[in-house]
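Single-structure report; data block below.
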Amino acid sequence: RGYDWTDRFPLIREAVANLRPSALVLDGEAVCCDPDGTANFEKLHSQAHNERVFLYAFDLLELGGIDLRIEPLEERRGRLQHLLRKVTGPGVQFNEHIAGDGAIIFEHACRLGFEGIVSKHRQHPYRSGPSKSWIKVKNPSAPAVLRFQEEEA
């Protein structure tokens, strides 16, 4: 949404600063986890745990002034994984992908209480907004989804 939260999440700020890019645009999601590793959206929104928030990075859109959005997802993610090897500490983590049957993966994600899944075509360039290149499927039972539905009601 265009907010600058640089000061809000120090782990992410420090990890990205250590990469020392002349220009860098990552696509990812800020996360705060419980001790068992499960994402906890209440902790993320409360701001009481900002010092523990890290970024799951899942795409690299620009590096060193070069627009990478025209490259296939597979290539961008390969560059991202290579770049993130330089990160020390927990501030930015590469979000592994899972290849397979989307329906089965979604079923497992729901059982684990995840918010949902995003499925992307590996050979397509980056597209923001609605696209045939990717789809987000939300778990209707996830706490974050339920809270959003209640707020809209």
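The values are calculated or read from the model by the stated rules, or taken from the named source; none is laboratory data. This structure is a prediction, so every number in the text was calculated from the model and none was measured. Quick reminder, even Gly has a Cβ in these numbers, built from the backbone with ideal geometry, and neighbours come from all protein chains shown. Surface accessibility is based on the protein's heavy atoms, side chains included, excluding ligands, DNA and RNA. Shrake-Rupley method; radii C 1.70, N 1.55, O 1.52, S 1.80 Å.
Below, the figures for the structure above:
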item	result
Test result for L60, open to solvent by less than 40 Å² (accessible area, probe 1.4 Å), under 29 Å from H121 (Cβ atoms) and in contact with a helix residue (DSSP H, G or I) (Cβ under 7 Å, 6 or more places away or on another chain)	yes
Conditions (1) open to solvent by 80 Å² or more (accessible area, probe 1.4 Å); (2) of a type in the set (F, W, Y); (3) modelled with pLDDT of 90 or more: number failed by F54	(1)
Residue count, segment 72-104 (criterion: more than 17 Å from G37 (Cβ to Cβ), under 17 Å from the mean Cα position of the chain (by Cα), surrounded by fewer than 16 Cβ atoms within 10 Å (Cβ to Cβ) and β-branched (V, I, T))	0
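Yes or no, residue by residue, for (1) touching a strand residue (DSSP E or B) at 6+ places or on another chain (Cβ under 7 Å); (2) at pLDDT 95 or above; (3) assigned to a helix (DSSP H, G or I); (4) open to solvent by 50 Å² or more (accessible area, probe 1.4 Å):
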| position | (1), (2), (3), (4) |
| --- | --- |
| G2 | no, no, no, yes |
| W5 | no, no, no, yes |
| I12 | yes, no, yes, no |
| H45 | no, no, yes, yes |
| A48 | no, no, no, yes |
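Matching residues to (1) assigned to a loop (DSSP other than H, G, I, E, B); (2) farther than 22 Å from K138 by Cβ:
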| position | (1), (2) |
| --- | --- |
| G28 | no, no |
| F58 | no, no |
| E71 | yes, yes |
| G78 | no, yes |
| L83 | no, yes |
| A99 | yes, no |
| I104 | no, no |
